[in-house]
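**Q** Here it is, the structure, as structure tokens.
The values are calculated or read from the model by the stated rules, or taken from the named source; none is laboratory data. The model shown is predicted, which means the values in this text are computed figures rather than measured ones. Cβ coordinates were reconstructed from backbone atoms using ideal geometry, including for glycine residues, and neighbour counts include every protein chain displayed.
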Amino acid sequence: MIARLIEGVSRRALVVMAALLVLLLAAPLFASDYLLTVLILILYFAYIGQAWNIMMGFAGQLSLGHALYVGLGAYTAAALYVHFGIGPWLGLLVAIPVAALAGAFIGFLAFRFKVGGVYFAILTIAVAEFARVGFDHLAWTNGSSGLFLPVAQYAHNDLWLLRGHPAMFYYILLAATVLAFIFCRALLQSRIGYFWLAIREDEEAARSVGIDAFRYKMIAVVISAGMTSFAGVIYAFYYNNLFPEQVFHISRSIEIILGPIVGGIGTLFGPILGAFVLTGLAEILTGALNTLGVDLPGAKQVFYGICLLLVIMALPDGIWPWLKRRLGLAEREP
Amino acid sequence: MNSKSKSATKMARPSRRAFSAGLGAVGFAAGIAPFNIVRAQGAPLKVGVLLPRSGYQAGIGQDCQRGVDLAAGVLKDLGMPSLQIMNGDTETSVEVARSRAEKLIGEGAQVLVGAFDSGQSTAIAQVAEQKGIPYIINIAAAPPITEQGYKFVFRNFTTAGMILGGAFANQKEVFALTGAAPKTVVFMHVNDTFGTAMQKGIGAVMPKFDLPYKIVETIAYDPAARDLSVEVAKAKASGADALMMVSRLNDAILITRELIKQRWSPMAIMSMGPGWYEDQYLKTLGKMSDDPISFAPWYDPNKALSKQLEAALAKSAPGVNLNTNHVYTFEALLIAADAYKRAGTADPKTLAEAIRKTHIINNTTTGPGIMFNEKGQNDKLQISAIQNRGGKLTVLAPKAAANGKPVWPLTPYNKRA
Amino acid sequence: MPFDVYLNVAVGGVLTGLVYGLMALGLSVIFGVVRIVNFAHGEMMTIAMYIAIVLFSALHLDPLIMMIPIAVVMFAFGYALQAGVINPFITRPEHSQFLLLVAIAIIIVNVLLILFGPDAQSVQTSYAYDSYQIGKLIVDANKAYAALAALVVTAALYVFFQYTTLGTAIRACADNYTGALVVGLDVKHLYALTFGLGAACVGAAGVMLVLIVDVTPSLGPTYTLLAFIIVITGGLGSMPGALIGGVLIGLTEAMAGLVFTPSAKSMFSFAILVLVLLFRPQGIMGKRAT
């Protein structure tokens, strides 16, 4: 099975990936706490980016409301913990189906009624906003007052209850990102992967050769939603407070998709690279402005926007395809 | 033969580039931890001040900054050790708040102060507790923050419950002063963290005060709403005597305009939140801003330190009224400086213990002074009743901190020139 | 609740809805013709609003009078933006367009933040507190003026698109891109023109909204979303549709806020959107794709 996964990947690329993995595994040993926080954020976005990429890059459906699944995952697990003392790993067993159900609901509405393209994107925004306002009024999760998880200690790591040192969260997210990466690769190489490719390229043609587009698009949405909710659970137990205004907000959804688009939609490594580049860029800009003594709120975001603009104009397919060619890591043509 | 050697040389070069390219090397290198030396006494205390300076809370963050700017001069006059302020911008985001807190601590901050918003403050509190760095909250009302059993987190601000209790106590004083009180009240609140906390608290706290009025209707509105005509129409239709509010600045202005346009002048407007007493409200509405009474954490104008702050602010920012943001942010720095003076060292544990033993009675905010209970909360803080009068604020209650008598009822809007 | 409360709220909702309609009209024009999903729509409106505020505080020029000049400025801005930056993206996939406009939106919002600061600003006209009373009906004068101006501008646009050569040419581009090329229309120029017109619309709407709401740099996204809801509900490419959609949304939100809890009133707009997308995706006035 491993042989099949690495089929067609150049030896150079494998070496690079292995080296990267080793570096990431060792990072908490010599990184400052601040850098660790940044890396956690990067891995968080890298993971969700990959989940989102399944829906967009593989199946071609633009979701602009992915914060919905993060929020559903986060709130489900958090509420179960706060009200019933149920640990996050058990809570996950409930959170994933909840998010998957939401995804299925959106998918069903959209695909059954032939809502595609921009309209689909707007539908996802509307549902996320609906959830935001809805949760603002949901008494069971404290509405807009916010849901606070009781915080324990940092002295020892409690993996079962996810209480502990940030390094624990780091490794969990690293494992998740790596597993997601492998999973996506496996998906792409399977029958489903090829069906998705066909649907993405030309849905009509795909249908005419007998591919059940509805079914496979639904599968993409459900997998994407379920995977994303895991990140939500981690988010809840890492930050220990949830507010509907923040968790479901459209700016979260936009943050989620920036990474994969900048990194390279439809590629495996794109979302991961995008997360590194964007978060790194944000921190570098803050640092640079600090050093220059510029204390102008909003200046960093302006530069950030300009960088985004330049990237999307110069590299419309994302950074990874370009970088891949330049580094000579491109897969050998069959 | 040829191709083999070509590919061999090609393999050597890209690997290194791949490493650095994949890691955002600059950020990585910059993050390696510096030493965190505990400075000897006499050196300025490094205080990391975290505020929302961008994002939608930017205005408030920048207002709090004025309190920071006042501190340097006034603390020096008080004989306090000097502080080295390290500014951090939480960008109105919980994640950024957390990573900025980490960054400031990594850069040597010995005390943290901030952050106005409950969500951001909670994130910072977790970091502070974990790192064992004292964190003094200037403004954040959510009760859970000081209920977590933290040893390094201190809050010199009222919780939502304290605000409510204090507000009701003040209302009774005001009613006694005016000899009049509303019989029915419509309660309108913004549907955000603070607003809903207040609304929930009312049910629990109000019965204890035996107030002369009943709340006949509660109206919650969306914080993002730009048009509050429907909400005000509903409030007017309730037929209540007075309007009780928990809102923010923009809403306060919108609501007042609607009151005028819809021709409703309630007997009184009693606000238990920000907005109605803020400079921009007063400036924007001019004569129409007079008479609402706000029950808010405030400063005691009769205290000596308050007069010093007022004078200092008049110099550094003329035309700006001294307000909650300024005084509470200032006091957070005062606490840090005072503790540093007593502790004699910037060692975090000693500093935290010194903060816990704080006992400052010559402060500026209303109440007996700054002192913390075992949870790190100053539960002695009091709320003031302030009324808008000609672009300035008059304190009506509590008696010891008052400097004026109430205007009651509200001057009808259509009778103002 | 007495009947007049319902009436007042309903009238207010309709009037506000007309202004929303004009804002959405700009988006409908852009999306209907250029097929660009303009996620910076609300931000463009915010620019116009700030221009109105600056002109008012510096020169005391009433927004209603400044509506036309500001619309012209926004037209130029829109034209330049489309021709200079956006044009290459017309043929690119939606996510690319989206990212482009999100980047533009981020830049606009934060430049405005740097220039004007985060505090809400408004225009204090002499009639800011005026209202008309007709029997039991109290009508906010500002809303009335704004709605009237919206109607006038929409009518003017309608005449332009239906009866002028240029307007017809633009409609031709929307209906059949290739055909338009074949007939020899300068499509790139017409696209830029259309984007400029859309920007002018949203600019005019913004200037009118300044009479009703306060302006902060982060005002944009709410209105972008609202514009999309209205355009889809009313029907893409239909000008009466945009107004009708606007009125429908304005009215529904107002009545929902009155009858239920106001903090949940936006849920009704989203619910309407979902229903429209499912059961009548071409919108109320739109033509079904053949």
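**Q** Of everything in the range C:107-129 that's within 12 Å of chain B (Cβ to nearest Cβ), in a helix (DSSP H, G or I) and among the β-branched types (Val, Ile, Thr), which residue is nearest to C:Phe39 (Cα to Cα)?
**A** Only one residue tops the list, namely C:Val109.
**Q** Scan (1) crowded, with 19+ Cβ neighbours inside 10 Å; (2) more than 19 Å from B:Leu254 (Cα to Cα); (3) at pLDDT 85 or above; (4) not β-branched (Val, Ile, Thr) for the single condition C:His189 breaks and write down its number.
**A** It is condition (1) that C:His189 fails.
**Q** Identify the single condition in (1) at pLDDT 95 or above; (2) part of a loop (DSSP other than H, G, I, E, B) that B:Gln387 does not satisfy, given that it satisfies every other one.
**A** For B:Gln387, the exception is condition (2).
**Q** Among (1) closer than 22 Å to C:Pro69 by Cβ; (2) surrounded by fewer than 16 Cβ atoms within 10 Å (Cβ to Cβ); (3) modelled with pLDDT of 85 or more, there is one condition C:Asp130 misses while meeting the rest; what is its number?
**A** For C:Asp130, the failing item is (1).
**Q** For C:Ser218, indicate whether it is within 9 Å of chain B (Cβ to nearest Cβ) and either in a loop (DSSP other than H, G, I, E, B) or over 30 Å from C:Ile107 (Cβ atoms) (or both).
**A** Taking the combined requirement at face value, the residue does not satisfy it.
**Q** A further question follows. Within the range C:130-159, can you find the residues that are in contact (Cβ under 8 Å) with a residue 12 or more places away in the chain, more than 14 Å from every other protein chain (Cβ to nearest Cβ) and either over 18 Å from C:Gly206 (Cα atoms) or in a loop (DSSP other than H, G, I, E, B) (or both)?
**A** C:Tyr158
**Q** Which of the residues spanning the range C:253-273 are surrounded by fewer than 19 Cβ atoms within 10 Å (Cβ to Cβ) and more than 13 Å from chain B (Cβ to nearest Cβ)?
**A** Passing the criteria: only C:Ala271.
**Q** Going residue by residue through the range B:192-200, is there one that turns out to be touching a residue at least 12 places away in the same chain (Cβ under 8 Å) and in a loop (DSSP other than H, G, I, E, B)?
**A** Looking for residues that are touching a residue at least 12 places away in the same chain (Cβ under 8 Å) and in a loop (DSSP other than H, G, I, E, B), one finds at least one in the range B:192-200, hence yes.
**Q** Please find, among B:Lys380, B:Lys399, B:Lys405, the residue that is charged (D, E, K, R), closer than 20 Å to B:Ile269 by Cα and either surrounded by fewer than 20 Cβ atoms within 10 Å (Cβ to Cβ) or outside the structural domain of B:Ala332 (by TED's automatic domain parsing) (or both).
**A** When all the criteria are applied, what remains is B:Lys405.
**Q** Continuing with the same structure: Of all residues in the range B:134-150, count the ones that are over 14 Å from the mean Cα position of the chain (by Cα) and at pLDDT 95 or above.
**A** Qualifying residue count, the range B:134-150: 2.
**Q** On the given criteria, is A:Val151 out of contact with any Lys or Arg (no Cβ under 7 Å at 6 or more places or on another chain) and farther than 20 Å from A:Val82 by Cα?
**A** no
**Q** Take residues that are surrounded by 22 or more Cβ atoms within 10 Å (Cβ to Cβ), more than 11 Å from chain B (Cβ to nearest Cβ) and modelled with pLDDT of 90 or more and tell me which of the helices (runs of 4 or more DSSP H) falling wholly in the range A:228-334 contain 3 or more.
**A** Values: elements: A:244-247, A:250-263, A:270-291, A:299-314, A:319-327.
Per the criteria, A:250-263, A:270-291.
**Q** Given the structure, is C:Leu225 within 13 Å of the chain's Cα centre (by Cα), within 14 Å of another protein chain (Cβ to nearest Cβ) and of a type outside the set (Phe, Trp, Tyr)?
**A** So C:Leu225 fits the description; yes.
**Q** Same structure again: Can you tell me how many residues in the range B:286-309 are over 30 Å from C:Tyr129 (Cβ atoms), crowded, with 18+ Cβ neighbours inside 10 Å and not hydroxyl-bearing (Ser, Thr, Tyr)?
**A** 6
**Q** Determine which single condition B:Glu107 fails, assuming it passes every other condition in (1) buried (at least 19 other Cβ atoms within 10 Å of the Cβ); (2) in contact (Cβ under 8 Å) with a residue 40 or more places away in the chain.
**A** Here B:Glu107 meets the rest and fails (1).
**Q** So which of B:Val153, B:Val186 is at pLDDT 90 or above and within 30 Å of C:Thr16 (Cβ to Cβ)?
**A** The conditions single out B:Val186.
**Q** Here's something else I'd like to know. Answer yes or no as to whether B:Val205 is part of a helix (DSSP H, G or I), more than 7 Å from every other protein chain (Cβ to nearest Cβ) and surrounded by 18 or more Cβ atoms within 10 Å (Cβ to Cβ).
**A** yes
**Q** It is to be established whether one or more residues within the range A:109-122 are crowded, with 16+ Cβ neighbours inside 10 Å and charged (D, E, K, R).
**A** No: zero hits.
Residues are listed down the side, and each one gets a yes or a no for (1) charged (D, E, K, R); (2) closer than 30 Å to B:Ala180 by Cα; (3) more than 14 Å from every other protein chain (Cβ to nearest Cβ):
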site: B:Leu254; (1), (2), (3): no, yes, no
site: B:Met267; (1), (2), (3): no, yes, yes
site: B:Lys283; (1), (2), (3): yes, yes, no
site: B:Gly286; (1), (2), (3): no, yes, no
site: B:Ile293; (1), (2), (3): no, yes, yes
site: B:Ala312; (1), (2), (3): no, no, yes
site: B:Val320; (1), (2), (3): no, no, no
site: B:Thr324; (1), (2), (3): no, yes, yes
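Yes/no per residue for (1) touching a strand residue (DSSP E or B) at 6+ places or on another chain (Cβ under 8 Å); (2) over 30 Å from B:Ile145 (Cα atoms); (3) of a type in the set (D, E, K, R):
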site	(1), (2), (3)
B:Phe175	no, yes, no
B:Ala181	no, yes, no
B:Val185	yes, yes, no
B:Val190	yes, no, no
B:Met198	yes, no, no
B:Val205	no, no, no
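**Q** Output yes when any residue across the range B:212-235 is more than 9 Å from chain C (Cβ to nearest Cβ) and either in a loop (DSSP other than H, G, I, E, B) or touching a residue at least 60 places away in the same chain (Cβ under 8 Å) (or both), and no when none is.
**A** Scanning the range B:212-235 turns up at least one residue that is more than 9 Å from chain C (Cβ to nearest Cβ) and either in a loop (DSSP other than H, G, I, E, B) or touching a residue at least 60 places away in the same chain (Cβ under 8 Å) (or both).
**Q** From the list C:Gly198, C:Gly246, C:Gly250, exactly one residue is in contact with a helix residue (DSSP H, G or I) (Cβ under 8 Å, 6 or more places away or on another chain) and within 12 Å of chain B (Cβ to nearest Cβ). Which is it?
**A** C:Gly250
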